[in-house]
Ligand code: AP5
């Protein structure tokens with residue numbers, strides 16, 4: 001199964017991708033995670049992407065198309081994958097289609113997760129994650145079961161993303177509506193789009209996504 005999770009910053013794409021990995025055993029391809037790894041490693045791509053990401057702007061199509069193209073050639077993507085945060089522009093959408101067509105593949109579903117802006121801002125402002133395994137939490141809605149200890153790996157170190165602040169979030173949201181939301185129409189026309197209510201609790205959103213995959 002080849003799936004796209006489409007939604008604004010904070011819509012829950014990463015959270016739901018984790019559920020889909022567990023259920024379907026296919027990898028999550030998050031361009032945000034790949035770019036943050038490149039920044040942390042100080043690669044050429046990372047150096048070019050850092051300031052852009054810190055400002056909440058979009059990294060160039062050329063860079064992200066290249067990293068996704070290399071990633072989907074890896075053996076773990078043979079049975080499918082979940083694209084999280086990609087494509088994000090019409091150009092990227094055309095590129096992924098061309099990449100897959102060249103391999104005789106196609107996208108099965110595009111799941112749009114719809115969430116109100118004020119909720120998105122609140123989610124992003126409260127987000128933190130385990131510094132060791134990356135499990136995502138929220139100050140109010142999803143705290144570790146034991147305070148200060150990661151549920152998944154037991155680490156006691158947590159971190160927050162530099163782009164999770166009010167100013168940058170405003171830019172990220174603007175970019176979503178300007179550059180990414182046209183993809184809703186793009187995939188609607190192709191018949192692959194399904195929309196779920198991303199305002200519901202995490203388990204309910206996961207159920208809606210499973211229904212959308214089957215339906
Ligand atoms: P990226 O890392 O992709 O960030 P994003 O799209 O802004 O999305 P987020 O990761 O912020 O949110 P999410 O939807 O995954 O929400 P989450 O599940 O964490 O991109 C970062 C940057 O990289 C971009 O700004 C850009 O610069 C660059 N970039 C990346 N891809 C690119 C591309 N293709 N082209 C160009 N540039 C690119 O949830 C958020 C919080 O809410 C968590 O605390 C979670 O616990 C909580 N939560 C989730 N679901 C629920 C729920 N149902 N109820 C209550 N709380 C919930």
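Values in this text are rule-based calculations from the coordinates and carry no lab data. The shown structure was predicted, so the numbers you read here are calculated from the model rather than taken from an experiment. Ideal geometry is used to build each Cβ from the backbone, glycine not excepted, and the neighbour counts take in all protein chains shown.
For residue 200, only one of the following conditions fails: (1) under 19 Å from residue 9 (Cα atoms); (2) more than 9 Å from the ligand (Cβ to nearest atom). What is its number? Only one criterion in (1) under 19 Å from residue 9 (Cα atoms); (2) more than 9 Å from the ligand (Cβ to nearest atom) is unmet by residue 200, namely (2).
Of all residues in the range 34-43, those satisfying the criterion of being surrounded by fewer than 15 Cβ atoms within 10 Å (Cβ to Cβ) and closer than 16 Å to residue 163 by Cα are 37, 40. What tally of residues in the range 75-91 results from selecting those that are over 19 Å from residue 171 (Cα atoms), part of a loop (DSSP other than H, G, I, E, B) and touching a residue at least 24 places away in the same chain (Cβ under 8 Å)? Qualifying residue count for the region: 2. Taking the range 17-35 as the range and being in contact with a helix residue (DSSP H, G or I) (Cβ under 8 Å, 6 or more places away or on another chain), more than 7 Å from the ligand (Cβ to nearest atom) and in contact (Cβ under 8 Å) with a residue 40 or more places away in the chain as the test, the residues that pass are 19, 20, 23, 26, 27, 28, 29. For the range 61-72, the criterion of being under 28 Å from residue 162 (Cα atoms) and within 14 Å of the chain's Cα centre (by Cα) is met by at least one residue. Against the numbered list (1) surrounded by fewer than 18 Cβ atoms within 10 Å (Cβ to Cβ); (2) more than 28 Å from residue 191 (Cβ to Cβ); (3) more than 10 Å from the ligand (Cβ to nearest atom), residue 77 comes up short only at (2). The number of residues in the range 44-59 being without any contact (Cβ under 8 Å) to a residue 40 or more places away in the chain, surrounded by fewer than 17 Cβ atoms within 10 Å (Cβ to Cβ) and closer than 15 Å to residue 171 by Cβ comes to 2.
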